[in-house]
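The values are calculated or read from the model by the stated rules, or taken from the named source; none is laboratory data. Computed from a prediction, not measured in an experiment: that's the story for all the values here. Cβ placement follows ideal geometry from the backbone for every residue including glycine, while neighbour counts extend to all protein chains displayed. SASA here: full protein model, heavy atoms, side chains in, ligands and nucleic acids out. Shrake-Rupley method; radii C 1.70, N 1.55, O 1.52, S 1.80 Å.
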Amino acid sequence: MSPEELVQAFTTSLPYQLDDFQLDAIKALANHHSVLVAAPTGTGKTVVGQFGMFMARQYNARAIYTTPIKALSNQKYRDFRAIWGDDQVGLLTGDVVVNREAPILVMTTEVLRNMLVTGASVEDVGAIVFDEVHYMGDAERGTAWEEAILLAPKGVPLVCLSATVPNAAEVAEWIRDAHGELSCVFHEQRAVPLEHRYWLPDADPEKHTFKVFTVLNDVGEVVTENARRLRAVGGELAGRVRWGGVSSGGFRGESREVGSDKDPREMPAAWRVLRYLEGEELTPAIYFLFSRRATEEAASSCVALKPVPHAQELIRDAKARLSDLSPEDRNLRQVAMLLGRFLPRGVAVHHAGLLPQVKLLVEEFFQAGKLRAVFATDTLALGINMPARTVVIGEMLKYDGQSRRLLTPNEYRQMTGRAGRRGIDERGVSLLMYSHWVTFAQTMRVLTSDLLPLESAFRPTYSTAMNLWLRPEDEERLADLYARSLRRFQHDRTLKELTERKQALEDAFEADRSGEKQLSREEVRERTHELSRVDYELRRARREATIEARRTVEGLARVLERYDYLRDGQPTPKAPYLRSLFDTNALTLSELLTNQQLEALEPPELAEALSWFAMDREGAVRGLPLTRRLHRLREILDALHGGVLREEERHGLQMSRPLPVDFHGVALAWAEGHELATIAQRARLQEGDLVGALQKTLDLVGQLRGAAMQGPLGTRLVPLLDEADGLLRRGVVSASYQWAIGGLPEATDEEDVDWDVQLLPEEDNGFGSTGSRDRRPRRIPPFVLRKMRGLDTSRDKTVRSGARSAIKPRKRR
């Protein structure tokens, strides 16, 4: 089949007409060129990936579709099964393996990277799709994207789908340099125009009135009159007290705006915002907030609204879809809140603390148009297909794990990409809420500033190093891989840019000195200073670019020699165990395995020990009791892992990460048969975090089992791991895999799917919000009001630190 016939066959099979940029990308693929498609969210990039799969199947080859997160892989798997058929699509996400031999495989990018570094056969693959390829800038997981692209077979076309980034041409040049011929398709126009509005409450908090101003119209032009009226609004508290990243000089030390010393305005309750949106016919809406507590408070405030006409139908449908939950799990607080409080008002919440089943139900209801609003954290902004008419940005400050900071233009663009449904809405709306911590001018800068460039987050991994290092001469092969990373490529580009800049400065300086223009002493001094600065930056960049790859490999070799995985550049008998472990803390896990320090544990204890490597979310967690054996193992592990971290630091490496101190006893309790709700309540964990940690533990059980089978040191561990897997894979954990694969059960008319909802009273809903009409969330703190009024605050110097209480686990006998 010729390229033209291939394109024709695909386009005629679609129920809609393709845009020009989609056709350009498809034609390039048909000519066996890799492509990079950079376009805004919601413009239809996925259809290019679908053509890659279609092309591979026409040539009787397999296709691989990768995504950055398991939830998106699960969604794509369900979508593609509906298109291609159940037997044609498989799913690989580490802890889930379905139809591994299928001609179309959906997987996370880490799984593809692991396949490539271990030498898995991909000779029969005709196309590899990298969805959300801009994720390679992610600090934690971006390395997997770079390694997968670098190690992909050169003859296989790559389909790289990216959100709009300003340095997409640079990324394309790197992919071309790393993999071969590449066509770039850049598309900046949104599928649906976007209008940006700003919500301003009345200065009198008792009036509860407000105005909404259009500040950026749907063609991207600033509405000057409104922007002028709002220039002194917002940020009134930022210059008066310290609050996270806010200092006495303003947020991040920025100068105060004229008129910003006025009293702050009252923040509106979310139900008022939702009522406005409904009045303007701007629902369904996604309301973004940056803490789980905030999303639940906002959704609870909506009890002030009248129930939606289809409330009973929603509740009945939800109960039927969640009927597979055990009686204990049906009584979970998040299930009761969804059924008893949120769904009757046509709203829901969406964040990582929800059970996978509840999140999936919320997504399906919203996609079906059954909800008028979802209150979500920004985890919803990545990948999951949930377009809305309106996106509300409830706050402009976000805690990133280190400090509260302004949203970046990229984050704002990613979230507002959900606004406007193609083929349904003439335009989408982004509604920005007034903030007494952020000025209107700062908000506008986020809207109008250029996007931040994608920067490589590449760092070496033990699994990749050991899988590529098979003989002494492979040290050069590994150094070459690191030298070809996007990180090094960007360093080299910096060298080129600095060299060109220095040359231009020297030429301009010489031209001015030799010309008729007489430079003043001050001008000469400034030119000389600028030239010296650029020269210094150039020398430093050259030095770093030259030694970085070599230093990284040498440091890696020293660490691996210290733990006897390398000897004189030659892998030792311990190396195969490390090659099969892909976790960030793979070296520590391998040491536990090869030192045979896990074999004395009972299966529930083994599951518990591996769970210590599974929690990567910071938060206040209360540890649960451990057995004496586990206490002794934890002491050994702390010494072992601390030594690994110090050894890496000594050689300039950042590969492993510290283990959480307070997360323990949870997997042990689950493996011993305790109920999810009880464990979550005792550990102060949300059920979704608990299930996620148990799923990650199952992934680690599988990895360690594969490593244990590589030699005699792990022989006795394999049956213990099998039993630990069975103990963890029960109840809601097991069911979540089934629902991720096949979707939620279809609603039925059976009477036994109904149950009573045990809902907390509104005065005690578990997170401090009554949701009533008179109680408005997030009021101005009293200590702030006292400072504003000039009262003596000497009596209130005690600050609530929020530090976790040190709870010593009890010994179990």
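Qualifying trypsin sites (Lys or Arg not before Pro) in the stretch 186-234, where qualification requires a DSSP coil assignment and no more than 14 other C-beta atoms within 10 Å, comprise LYS207. Among LYS262/LYS306; LYS359/LYS398; LYS319/LYS696; LYS211/LYS262; LYS45/LYS319; LYS76/LYS306, which pairs are too far apart, with a Cα-Cα distance over 26 Å? In this structure, LYS262/LYS306; LYS319/LYS696; LYS45/LYS319; LYS76/LYS306 lie more than 26 Å apart at Cα.
Counting only protein heavy atoms and using a 1.4 Å probe, the accessible area of HIS674 comes to about 80 Å². Could you point to the residue in LEU626, ILE384, GLN75 farthest towards the positive end of the chain's charge dipole, with +1 and -1 charges on the Cβ of Lys/Arg and Asp/Glu respectively? Of the candidates, LEU626 comes out farthest on the positive side. With a cut-off of 10 Å between beta carbons, the residues surrounding ASP218 carry a summed charge of -1, where Lys and Arg count +1 and Asp and Glu -1. Just check the stretch 1-121 against the gyration tensor rule for me: Cα atoms, a ≥ b ≥ c as the square roots of the eigenvalues, rounded for a/c under 1.5, and otherwise prolate or oblate depending on whether a/b exceeds b/c. Verdict is prolate for the stretch 1-121.
Restricting attention to the chain, close to 25% of DSSP beta bridges with both partner residues there are antiparallel. Classification of the chain by its C-alpha gyration tensor yields a rounded form. The axis ratio a/c (a ≥ b ≥ c) stays under 1.5. Normalised by the number of residues in the stretch 370-498, the mean separation of alpha-carbon contacts (under 8 Å, six or more apart) gives a relative contact order of 22 percent. Of the residues ALA191, PHE290, ALA178, the one whose Cα sits farthest towards the positive end of the charge dipole of the chain is PHE290 (charges of +1 on Lys and Arg Cβ, -1 on Asp and Glu Cβ, taken about the Cα centre). Remark: the stretch 689-703, residue by residue, has Karplus-estimated 3J(HN,Hα) of 5, 5, 4, x, 5, 5, 5, 5, 4, 4, 4, 5, 4, x, 4 Hz, where x stands for each Gly or Pro and the curve is 6.51 cos²θ - 1.76 cosθ + 1.60 at θ = phi - 60°.
Restricting the stretch 57-119 to trypsin sites (Lys or Arg not before Pro) that sit in a DSSP loop and have at most 15 other Cβ atoms within 10 Å of their own Cβ leaves ARG100. Using θ = phi - 60° in the Karplus curve 6.51 cos²θ - 1.76 cosθ + 1.60, the 3J(HN,Hα) couplings for the stretch 201-217 round to x, 5, 5, 8, x, 7, 7, 6, 9, 7, 10, 10, 10, 7, 9, 9, 7 Hz; x is entered for Gly and Pro. Each Lys and Arg Cβ is given +1 and each Asp and Glu Cβ -1; about its Cα centre, the chain then shows a dipole of about 2840 debye. A simple rule links phi to the HN-Hα coupling: the Karplus curve 6.51 cos²θ - 1.76 cosθ + 1.60 with θ = phi - 60°, which for the stretch 62-74 gives 8, 10, 10, 10, 10, 9, x, 9, 5, 4, 6, 4, 4 Hz, with x for Gly and Pro. If you sort TRP84, TRP271 by accessible surface, 1.4 Å probe, largest first, the order is TRP84, TRP271.
Loop-located GluC sites (Glu not before Pro) in the stretch 274-308 (DSSP state not H, G, I, E or B) with no more than 11 neighbouring Cβ atoms inside 10 Å: GLU281.
By its C-alpha gyration tensor, with a ≥ b ≥ c as the square roots of the eigenvalues, how is the stretch 467-589 shaped: rounded for a/c under 1.5, else prolate for a/b larger than b/c, else oblate? Verdict is prolate for the stretch 467-589. All distinct Cα pairs of the stretch 642-736 go into the 1/r average, and the inverse of that average, the Kirkwood radius, is 15.3 Å.
Projecting the Cα atoms of GLY569, LEU274, ALA102 onto the charge dipole of the chain, computed from C-beta unit charges around the Cα centre, puts LEU274 farthest toward the positive end.
Entry note, the chain: the mean residue ellipticity at 222 nm calculated from DSSP H runs of n ≥ 4, each adding -39500 (n - 2.57), is -13500 deg cm²/dmol after division by the residues and rounding to the nearest 500. Per atom type, the chain shows carbon and sulfur on 47% of its accessible surface, probed at 1.4 Å.
Using the 1.4 Å probe convention, the accessible area of the chain works out to 45 Å² per residue with neighbouring protein chains retained.
Let me check against my output: what whole-number percent is the relative contact order of the stretch 77-151, with C-alpha pairs under 8 Å and at least 6 apart? Once divided by the residue count of the stretch 77-151, the mean separation gives 22 percent.
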